[in-house]
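Accompanying notes for the structure given below.
The values are calculated or read from the model by the stated rules, or taken from the named source; none is laboratory data. All values derive from a computational prediction rather than experimental measurement. Cβ atoms come from the backbone with ideal geometry, glycine included; neighbour counts cover every protein chain shown. Areas reflect the complete protein model, heavy atoms only, side chains present, ligands, DNA and RNA absent. Shrake-Rupley method; radii C 1.70, N 1.55, O 1.52, S 1.80 Å.
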Amino acid sequence: MSDRLPVLPQYLFPKQALTAFAGWVAGKERGAVTTWIIRRFVAKYGVDMGEALASDVASYQTFNEFFTRALKPGARPIAQADFVSPVDGAISQFGPIEGDQIFQAKGHRYTTTALVGGDAALAAQFAHGSFATLYLSPRDYHRIHMPCDGRLVRMVYVPGELFSVNPITARGVPGLFARNERVVCVFETARGPFVLVLVGATIVGSMATVWHGVVNPPRGGEVREWRYDGQQIVLRQGEEMGRFLLGSTVVMLFPAPPLRFDPDWSPARPVRLGEPMASYPIA
């Protein structure tokens, strides 16, 4: 069966309306109803509440509070590595950027320029570099942390579609991660730039960063940009940088020469925040 057949209904769904409704529901305080919804969610997806800072599901006033729950201190130790996984999730794809081409799934690639919202000059900094795409499932911890130290330079909101970002959709929708709504965060490090992209999806009510708060909504048809050249917004490896209100995907770009990814990494493998991801190439 073609990989495109299972995703054809997504082209017909009213994804924007469904997402807006889900965001509205998830942000409402509904007392016992909210607690019931959270209990059902925990049971369905096997969420480990033992590692949550607030393990009692009745302590969450809204579904969003539960979904973006904090972890207990020390639950995710940060490895001694040049780059660590910024999230709990599963590896979608990773490896070298071939010119400006990023591998999405068998038969599908997209360009770095498309991913960052059409900025060819920004994308050119990552030619022949490296990328990593990590998928967050509903059961995962949904805060996003820094893979390395970095100083924030820019943030760009890019409007787009709201397809699901699960593995089936990645195989069936061409250019998925460069088509969906996304927030592009550009950082400078001691070894050059890197980009961390938060990719939106169906029923992802919003995406937020620690320096800005909620980026979307509002949703619109225009690219929006914020520059931080005159500010010293520095985040250390392992620090929280943002969060998804309902699950999605992150894509990272690193400049040439290509990184050396951890030998244990492979597509579909689960990863946890703080685990070794990659190291700089040997000089």
Query raised in the report: Among all lysine pairs in the chain that are eight or more places apart or on different chains, how many have alpha carbons less than 30 angstrom apart?
Result: 6
Report task. Could you pull out the GluC sites (Glu not before Pro) across the range 208-262 that fall in loop regions by DSSP (anything but H, G, I, E, B) with no more than 10 other Cβ atoms inside 10 Å? Result -> E222
Query raised in the report: Spin-label point model (7 Å from Cα, Cβ direction): what's the R30 to M49 distance in nm?
Result: 1.7 nm
Report summary line: For the range 214-264, the per residue accessible area (1.4 Å probe, Å²) is 52 Å²
Query - By average C-beta atoms within 10 angstrom, highest first, the peptides 98-105, 109-116 - result: 109-116, 98-105
Report summary line: Relative contact order as a percentage, the chain, C-alpha pairs under 8 Å and 6+ apart, gives 27 percent
Query raised in the report: How large is the convex hull of the Cα atoms of the chain per residue, expressed in Å³ as a whole number?
Result: 134 Å³
Report summary line: For the range 169-283, the percent of accessible surface on carbon and sulfur atoms (probe 1.4 angstrom, ligands and nucleic acids excluded) is 53 percent
Report summary line: Note to self, the chain gives a 222 nm [θ] from helices alone (DSSP H runs n ≥ 4, -39500 (n - 2.57) apiece, / all residues, nearest 500) of -5000 deg cm²/dmol
